[in-house]
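In what follows, a structure is listed as structure tokens, so that the remarks can point back to it.
The values are calculated or read from the model by the stated rules, or taken from the named source; none is laboratory data. This one's a predicted model, so the numbers in the text were calculated from it and none came from an experiment. Every residue, glycine among them, receives a Cβ derived from its backbone with ideal geometry; neighbour counts consider all protein chains shown. Each accessible area value is taken on the protein alone, full model and side chains, heavy atoms only, with ligands, DNA and RNA left out. Shrake-Rupley method; radii C 1.70, N 1.55, O 1.52, S 1.80 Å.
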Amino acid sequence: MPIALYIIVSVIKIALILFVLLTAVAYTVWLERKVVGRMQNRWGPTRVGPFGLLQPAADGVKFLFKEDLTPPHVYKPLYIAAPMIAVIFAVTSIAVIPFGNKITIAGYDIPLQITDVNIGLLVVLGITSLGVYGVALSGWSSNSKYSLLGGLRASAQMVSYEIALGLSLVGVLILAGTFSLRGIVDAQAGHFWGFIPNWFIFRGGQIIAFFIYLTAAYAETNRIPFDLPEAETELVAGYHTEYSAMKFAMFFMAEYANMITVACLASLLFLGGWRGPLFGPPIVQELLPLFWFALRVFVFLFVYIWVRGTLPRFRYDQLMAFGWKFLLPLAIANLVVTALVVGLWPGA
Amino acid sequence: MHLILFSVFGLVCVAGAVNLLLQRHPINSALSLVVVMGALAVEYLLLGAEFVAAVQVIVYAGAIMVLFVFVIMLLNAGEEEQTHGSRVAWLLGLPGMLAVTVLICWALIQDRTGQVAIGQLPGHPADLAQLLFHQFLLPFEVTSILVLIAIMGAVVLAARPESVQETKREQ
């Protein structure tokens, strides 16, 4: 492919994926309000559009036109930079996530992914691990006690759970033998015993790794039951107490974009990515993988909301004890067992 | 293209390091150090050591520097006073630093045996694992024991002696 064409195709892909991601972020908020509403015997948004479907647009307009307050006591450079840091790192990690197979247009193979790097998984982990700066710095630069406590909690919690999160993925890496996300999905092709799909969640005890990953990821994205950085009953709103208008919205965009990244990673690593039954005419066969992938991501987002509607918040010492004394040893045990199984029975 | 990017990020790295020294507020210095780490990661990536680059970001920028920022936030460290340093530092430190820099550059220019082209470094995770777990297994394990000792030391230092707690309870 000539370089000019490559650049044009990349720009189109980036624009499309960003559009889809930001729309998905807006509608995940809508979905959350709707689903949690139903779980609590309320309606959720109903006024704007049918089923309240235009609520995200109304919210967006509201955020843009609200007064952008900057309290006089903040440390201004970091106060302004923190929401940007949060949202930039949350959105960037989508760049290496593949959504489907290659499609062929006019003789050129175009992978459904912005860029395919052979350390894709590490890139995602690296970028999301930088996202903590947005939260920590917003807490510190706001110069208020609630924000500071939220920021402190966030940095301690995210660094702690990152270890369990990383270790839970090593089992999958051992089975797949590659860091490339596309390679990991390719390693899950086919079936065993004739009908069970060859997904990593079913293989070599990785179901444990799956639960460690999901739990740690909930803590990484500061979601209930691990949302202590913004625990509204004790810290007002935690690290974003002093923020208003679009800056406040940026923290939410970052949180939901991170949730979508987690859902994408869980689908790719444990549930076979975009694999699923293909049928119908050729054009449908081309689009079905995208649908299967979106379906998995949707299920994970729904579980996120379901958990939010079900579980109460942890106490802080419970959070730390759970992360260090339960999840981390479990992740290490899972890693050792997986390594032993793969070492002793290489074909299994 | 590689060379241009390499030079640009080299400059970013040095600028971040200088800024780290000049900033008066500890948190700005810590963030400059994050920039240095990030720029170094890009340099590794440009050299072809992609695994080292990723680990650099995950471990240094994503974990260690977060802890630095955490401690600065916890201690609520304020702005520091700018001093000109001692005269000895100016008289000996600056020429010493220049001498060491020149020496390193000269040694690198003289010894061209270990050179590879940009992007040709064996940085694939498999190559690295071969080196780490076959050729350098002993140093690797020794380092892990060193780290373990450091962790145990930290635990011992952090845990309050029981006798102190008991006396407090009696009072």
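Key figures for this structure:
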read-out: Any chance B:F136 is at pLDDT 75 or above and in contact with a helix residue (DSSP H, G or I) (Cβ under 9 Å, 6 or more places away or on another chain); value: no
read-out: Considering residues of the range A:92-107 that are surrounded by fewer than 21 Cβ atoms within 10 Å (Cβ to Cβ) and in a helix (DSSP H, G or I) only, the residue nearest to the other protein chains (Cβ to nearest Cβ); value: A:T92
read-out: Residue within the range A:6-23 that is within 14 Å of chain B (Cβ to nearest Cβ), assigned to a helix (DSSP H, G or I), open to solvent by 80 Å² or more (accessible area, probe 1.4 Å) and hydrophobic (A, V, I, L, M, F, W, C) present; value: yes
read-out: Qualifying residue in the range B:71-78 (condition: away from chain A (no Cβ under 11 Å), outside any helix (DSSP H, G or I) and open to solvent by 40 Å² or more (accessible area, probe 1.4 Å)); value: yes
read-out: Count - residues of the range A:144-199 that are without any contact (Cβ under 8 Å) to a residue 24 or more places away in the chain and within 20 Å of the chain's Cα centre (by Cα); value: 1
read-out: Output for the range A:207-240, where each listed residue is outside any helix (DSSP H, G or I) and either touching a Gly at 6+ places or on another chain (Cβ under 6 Å) or open to solvent by less than 40 Å² (accessible area, probe 1.4 Å) (or both); value: A:T221, A:N222, A:R223, A:I224, A:P225, A:F226, A:D227, A:A231, A:A237
read-out: Selection from the range B:21-42 of residues that are at pLDDT below 85 and either within 16 Å of the chain's Cα centre (by Cα) or farther than 24 Å from A:A82 by Cβ (or both); value: B:L21
read-out: Some residue of the range B:80-87 being at the interface with chain A (Cβ under 10 Å from one of its Cβ atoms) and at pLDDT below 80; value: no
read-out: Flag if A:V132 is facing chain B (nearest Cβ under 8 Å), surrounded by 22 or more Cβ atoms within 10 Å (Cβ to Cβ) and touching a residue at least 12 places away in the same chain (Cβ under 8 Å); value: yes
read-out: Filter result (at the interface with chain A (Cβ under 8 Å from one of its Cβ atoms) and either modelled with pLDDT under 85 or closer than 16 Å to A:I85 by Cβ (or both)) within the range B:52-66; value: B:V57, B:A61, B:G62, B:A63, B:V66
read-out: Contacts under 7 angstrom Cβ, first residue in the range A:65-88 being surrounded by 13 or more Cβ atoms within 10 Å (Cβ to Cβ), partner assigned to a helix (DSSP H, G or I) and of a type in the set (V, I, T), 6 or more apart; value: A:A86/A:V135
read-out: Looking only at the range A:108-121, and only at residues there that are within 10 Å of chain B (Cβ to nearest Cβ) and open to solvent by 20 Å² or more (accessible area, probe 1.4 Å), the one that is nearest to A:A81 (Cα to Cα); value: A:V117
